[in-house]
Amino acid sequence: MKDLTHPGRVPPPPTFAIVPVITTLASTGFTKVGIARHFNVDVRTLDRWMEEHPELAEAFKAGRDQERQSLHNVLYRLAVEQQDKIAAMFLLKSRHGYREGDQSEQSNRVAITFNLPGAMTPDQYKTIEAVATTRPKVNRNAD
C-alpha cells in the first residue's frame, strides 16, 4: 500500500480543474514531462496523480488522440487536396502497410541452413573415427 501521508506528497489540484488543461496540453504536443512542468511538479508526481485519478490519464490519452487526428488531417489534406506525393506515400505506408517494390520474391523464398562442425585436428578426427568403427553393428532386418 502506498504511503499517502508522506509529508512531501503533493496533492493534485481538483480534477475538474485540470482535466481540460491536461487534454489541451497533450493535444498541442506536450509530453508528460512538459505537463508536469506546467503544474510545477515532478513527472513521477504526475504519474501518481494519473494512477490515483484515472480521469487524468484519460484526459492525457484524449489529448494525444486529438493531436494524432490533427496531424493525420493535415497529412491527408496535403496528400489529397494539394497532391503532395510525400504525404501520400507516408499515409499509404503507415496506415495501409504499403511497401515499395515487388515483395513476392521475399515472401516465397525458402531458406535452408546447414550447421557444419568446426575444424578438427588430425588427432580429434582419428578419435572420432575409432569410436565410429568400433560400435557394434545393429541388424535392423532381424525382426
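What follows is calculated from the coordinates using simple rules that are stated; it is not laboratory data. Computed from a predicted model, the values in this text were never measured in an experiment. Ideal geometry is used to build each Cβ from the backbone, glycine not excepted, and the neighbour counts take in all protein chains shown.
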Trypsin sites (Lys or Arg not before Pro) within segment 6-100: DSSP coil, no more than 13 neighbouring Cβ in 10 Å: Arg9, Arg99
Of the GluC sites (Glu not before Pro) in segment 1-92, those whose Cβ has at most 14 other Cβ within 10 Å and which sit in DSSP loop: Glu81
Translational diffusion coefficient (Stokes-Einstein; Kirkwood radius from C-alpha pairs) of segment 15-97 at 4 °C, 1.567 mPa s, in µm²/s: 92 µm²/s
Net charge over other residues, Cβ less than 14 angstrom from the Cβ of Ala88 (K, R count +1; D, E count -1): +1
Count, lysine Cα pairs under 29 Å in segment 1-101, 8 or more residues apart or across chains: 6
Charge dipole of segment 15-97 about the Cα centre (unit charges at C-beta), most positive-ward option of His38, Ser94, Phe16: Ser94
